[in-house]
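Colleague: Here it is, the structure, as structure tokens.
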């Protein structure tokens, strides 16, 4: 099983591309738990909320992994929650960095239009750029394998599929 995490700032196409790949290939997707959490509990977050989001995402990932699919797509994970912690509270609890990591992270660039949906925070270009940089810094800090995804929706899909194929090959 190859776990692939879609990572990056808000409104960069992670959920759109996860749904597209699920529809096209049947690869299961672990939905962005933070979105579900905020839709239920609101967006006035404290650090305890981020820790709860990390735990909820872990439980959902473990449940999906039990089926042992060929590819499991994670629509973000605890490293993205760590970026949220840094952006919102200027600190990252060690617990957020201690979770199991995906086999491959795909960092989505903020080069598509930002869409307000009621749960997104950082739509201004300077904030969006800062958040994107924090997302990348978490990947570097964690020392995980990652690749950048950018461009049109078609370009993004092509890049994602190439990265997954390379990661799934016996000699990546």
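Colleague: Filter the range 29-58 down to the residues that are in a loop (DSSP other than H, G, I, E, B), surrounded by fewer than 16 Cβ atoms within 10 Å (Cβ to Cβ) and either in contact with a strand residue (DSSP E or B) (Cβ under 6 Å, 6 or more places away or on another chain) or free of Cβ contacts under 8 Å to residues at least 24 places away in the same chain (or both) and list them by number.
Modeller: Selection gives 42, 44, 46.
Colleague: Within the range 5-23, is there a residue that is free of Cβ contacts under 8 Å to residues at least 60 places away in the same chain and farther than 22 Å from residue 110 by Cβ?
Modeller: Scanning the range 5-23, I find at least one residue that is free of Cβ contacts under 8 Å to residues at least 60 places away in the same chain and farther than 22 Å from residue 110 by Cβ, so the answer is yes.
Colleague: Looking at the range 4-16, can you tell me whether even one residue there is loosely packed, with under 14 Cβ neighbours inside 10 Å and more than 18 Å from residue 164 (Cα to Cα)?
Modeller: no
Colleague: Would the range 149-158 turn up any residue that is modelled with pLDDT of 90 or more, under 18 Å from residue 10 (Cβ atoms), in contact with a strand residue (DSSP E or B) (Cβ under 8 Å, 6 or more places away or on another chain) and not in a helix (DSSP H, G or I)?
Modeller: Yes, that holds for at least one residue.
Colleague: Then there's this: Under 8 Å between Cβ atoms, at least 6 apart or on separate chains: pull out the pairs that start in the range 120-147 with a residue that is under 12 Å from residue 87 (Cβ atoms) and end on any residue that is modelled with pLDDT under 80 and part of a helix (DSSP H, G or I).
Modeller: 121/127; 122/128
Colleague: Among the residues of the range 12-28, write down those that are in contact with a strand residue (DSSP E or B) (Cβ under 9 Å, 6 or more places away or on another chain) and in a loop (DSSP other than H, G, I, E, B).
Modeller: Hits for the range 12-28 are 12, 13, 27, 28.
Colleague: Next question, about the same structure. I'd like the residue in the range 71-103 that is in a strand (DSSP E or B) and surrounded by 21 or more Cβ atoms within 10 Å (Cβ to Cβ) and, out of all such residues, is farthest from the chain's Cα centre (by Cα).
Modeller: Looking at residues that are in a strand (DSSP E or B) and surrounded by 21 or more Cβ atoms within 10 Å (Cβ to Cβ), I get 72.
The values are calculated or read from the model by the stated rules, or taken from the named source; none is laboratory data. These numbers come from a predicted model, not from an experiment. Positions of Cβ are backbone-derived with ideal geometry, glycine not excepted, and every protein chain shown enters the neighbour counts.
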